[in-house]
Amino acid sequence: MGRITHVCLSDVHAGAAASLATRVDDALAVHPAAPSPTSAAFGTAMQDLLTRHNQDQFGAPYAGAHKPMAILMGDLLDLAFCNRADAAVSYCSWFSAITGGGNDWFADDAVMLPGNHDHSLWTAARFADEARAAETGQVEGLLAATKAAQPALADGLRGSATASGILAPMITALNRRCGLPGTVTINYPNFALVSDDHARAVVFHHGHFVDATYTMMSRLVDVLTGKRRRHSAQALADENANWIDFGWSSFGEASDLCKIVNDLYTGAENGAEARQLRDRAAKLIERAIVAKLPMGGDTTLQTWIERGVLAGLDTTLGAWSDSERYSKTLYLSPDGLTGLTTYLDGAVKPQLVEELGAVPPDLTFIFGHTHKPFVDQVLTAAGQSISVANTGGWYLDNTRLDSRDGAAMVLIDEDLNAVSIRYFGVPTNDIPTRVSVDLVSRPSPSATAFHDQISGYVQDGLAVWDALSETAADAYRLRQTMMFAQLDAMDAEAGQTGAIL
């Protein structure tokens, strides 16, 4: 039987009101210091799963030295839609619900791969590592010290899976508050587990570089230089770092600006409101332009200027709101599939060749970011079939409850077999999404056995997973109500002031 060695989780968005990990009461007030009902229910289900696994594997309630390591795949803290303190406190509430406030369930150490909403934690970790290098007189090696985290492969399961990373001070401190006494190391943008014979590998990435929005600076370099480059993992991480920090990992520090950004995001994610935002913005821009023109009073000219502004907003903000994160009804849009295969061919496979000498023939890729969990096989340009799984997320992106939004975790065993547990989703037609277990890896006797084993644990504890589904459905409905109230307040205020928001 397979022993669970790693548990992969992502996209908690702790602190954000639209996250099911953040406690929101019936009056729509946020309480980051208390665990949300969904967090508590997930903690119960997780502990039930691991208890059954440990009893089955070791004949004891706890695994001792065999506890699985958590791979935390980014957007753990939402540093765009809430302040850093609330995000940190909410993360502790979420993770403590899973760990029970102790280290009975998970290994002391963990691995983190930052996403776009907590990317500044990577920036902070790099700067801290540079400071340590400077203290030891290695000033000339500052850049090398931080880049050392980016070749991110663990050389076999027998060695340390965190050896190639750098210390993540903030998440380490928070995890210690949640009962895990070890350290969290950052690998960015990729991390991998590789079999001793290099025949199999599981690669982890938050998922933002699959989305063209977050590679914009690299593509801008291509335009300015007239060169169409292969964007390596290193290049993507370096060239887009400040762009990601600015757009998605810093606004939470400014309370007024944070609210404006949150309102803009919420509006842009909801079709009817997005059109109203566009129309109000176009009217304001048109007024500003015609006020400076000698023929500004001409109504025909005003109409054409407004139409031109609307067209510009449609090709910019409209394109952004149609990006992969906001594709509502598809697990992966055609553009998303192109972004995925481009990242696999351009960033993942060359890194594997550089560090291993060749791409392992049996390759699995785990990512999050889109908030829409799925399992599939993807064919790369070279014709290699790669097993792919998305871990979804805890954040409700828009008011629709007919989307693919939901959350999953991926379990890895000692043979690098991967199984996905989708543990909740939006209540389509008001019906809670029940737990499902899917094999991620290519079918094989050991992979199928691992899938059947995990399915058995879930089936034996089905009551706690059903309770989680029901709790999450209630939480989704509450956040839908909250978003409608937010949009109504935006429209009312804009109607009074004549502004965009």
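The values are calculated or read from the model by the stated rules, or taken from the named source; none is laboratory data. Owing to the predicted nature of the structure, the values given are computational and were not obtained by experimental measurement. Note that each Cβ is placed from the backbone with ideal geometry, even for glycine, and that neighbours are counted across all protein chains shown.
If you go through the range 179-210 and keep only what is farther than 21 Å from Leu411 by Cα and surrounded by 20 or more Cβ atoms within 10 Å (Cβ to Cβ), you end up with His208, Phe209, Val210. Please verify whether the range 47-66 includes one or more residues that are within 22 Å of the chain's Cα centre (by Cα), of a type in the set (S, T, N, Q) and within 23 Å of Ile171 (Cα to Cα). Within the range 47-66, none of the residues are within 22 Å of the chain's Cα centre (by Cα), of a type in the set (S, T, N, Q) and within 23 Å of Ile171 (Cα to Cα). Filtering Ala80, Ala16, Ala88 for residues that are of a type outside the set (Lys, Arg) and surrounded by fewer than 24 Cβ atoms within 10 Å (Cβ to Cβ) leaves a single hit, Ala88.
In the range 274-367, counting only helices (runs of 4 or more DSSP H) that sit wholly within it, the ones holding 2 or more residues that are surrounded by 18 or more Cβ atoms within 10 Å (Cβ to Cβ) and either at pLDDT below 65 or among the polar types (S, T, N, Q) (or both) span 299-321. For the range 166-191, the set of residues classified as in a loop (DSSP other than H, G, I, E, B) and more than 15 Å from the chain's Cα centre (by Cα) consists of Ala168, Cys178, Gly179, Leu180, Pro181, Gly182, Thr183, listed by residue number. For residues that are crowded, with 19+ Cβ neighbours inside 10 Å and in a helix (DSSP H, G or I), scanning just the range 242-264, find the one that is modelled with the highest pLDDT. The residue in question is Ile244.
Any idea how many residues of the range 431-468 are outside any helix (DSSP H, G or I), buried (at least 20 other Cβ atoms within 10 Å of the Cβ) and of a type in the set (A, V, I, L, M, F, W, C)? The number of residues fulfilling the criteria is 4.
For (1) in contact with a Cys (Cβ under 9 Å, 6 or more places away or on another chain); (2) hydrophobic (A, V, I, L, M, F, W, C); (3) over 22 Å from Gly165 (Cα atoms), each residue gets a yes or a no:
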{"site": "Leu72", "(1), (2), (3)": "yes, yes, no"}
{"site": "Leu76", "(1), (2), (3)": "no, yes, no"}
{"site": "Thr99", "(1), (2), (3)": "yes, no, yes"}
{"site": "His119", "(1), (2), (3)": "no, no, no"}
{"site": "Trp122", "(1), (2), (3)": "no, yes, no"}
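Looking across the range 105-119, the residues that are surrounded by fewer than 24 Cβ atoms within 10 Å (Cβ to Cβ) and not aliphatic (A, V, I, L, M) come down to Trp105, Asp108, Asp109.
Within the range 113-127, residues that are in a loop (DSSP other than H, G, I, E, B) reach partners that are surrounded by fewer than 24 Cβ atoms within 10 Å (Cβ to Cβ) with beta carbons closer than 8 Å, at six or more positions or on different chains, in the pairs Asn116/Gly247.
The listed residues are Ser39, Ser10, and the only one of them that is under 17 Å from Asp397 (Cα atoms) and crowded, with 24+ Cβ neighbours inside 10 Å turns out to be Ser10. If you scan the range 222-233, which residues turn out to be in contact with a helix residue (DSSP H, G or I) (Cβ under 7 Å, 6 or more places away or on another chain) and either surrounded by 14 or more Cβ atoms within 10 Å (Cβ to Cβ) or among the polar types (S, T, N, Q) (or both)? Hits for the range 222-233 are His231, Ser232, Ala233. Within the range 405-460, if we keep just the residues that are of a type in the set (Asp, Glu) and within 25 Å of Trp105 (Cα to Cα), the residue that is nearest to the chain's Cα centre (by Cα) turns out to be Asp438. The single condition from (1) in contact with a Lys or Arg (Cβ under 9 Å, 6 or more places away or on another chain); (2) outside any helix (DSSP H, G or I); (3) more than 25 Å from Phe367 (Cβ to Cβ) that Ser403 fails is (3). Checked against (1) surrounded by fewer than 23 Cβ atoms within 10 Å (Cβ to Cβ); (2) in contact (Cβ under 8 Å) with a residue 40 or more places away in the chain, Gly74 meets all criteria but (1).
Applying the criterion of at least 3 residues that are of a type outside the set (Lys, Arg) to the strands (runs of 3 or more DSSP E) found wholly in the range 1-56 leaves 4-9, 30-35. The criterion of being of a type outside the set (Lys, Arg) and buried (at least 22 other Cβ atoms within 10 Å of the Cβ) holds for Leu416. For the range 91-115, the set of residues classified as under 23 Å from Val30 (Cα atoms) and modelled with pLDDT of 85 or more consists of Tyr91, Cys92, Ser93, Trp94, Phe95, Ser96, Ala97, Ile98, Thr99, Gly100, listed by residue number. Of the residues making up the range 463-501, those that are among the polar types (S, T, N, Q), out of contact with any helix residue (DSSP H, G or I) (no Cβ under 9 Å at 6 or more places or on another chain) and farther than 30 Å from Val435 by Cα are Gln496, Thr497.
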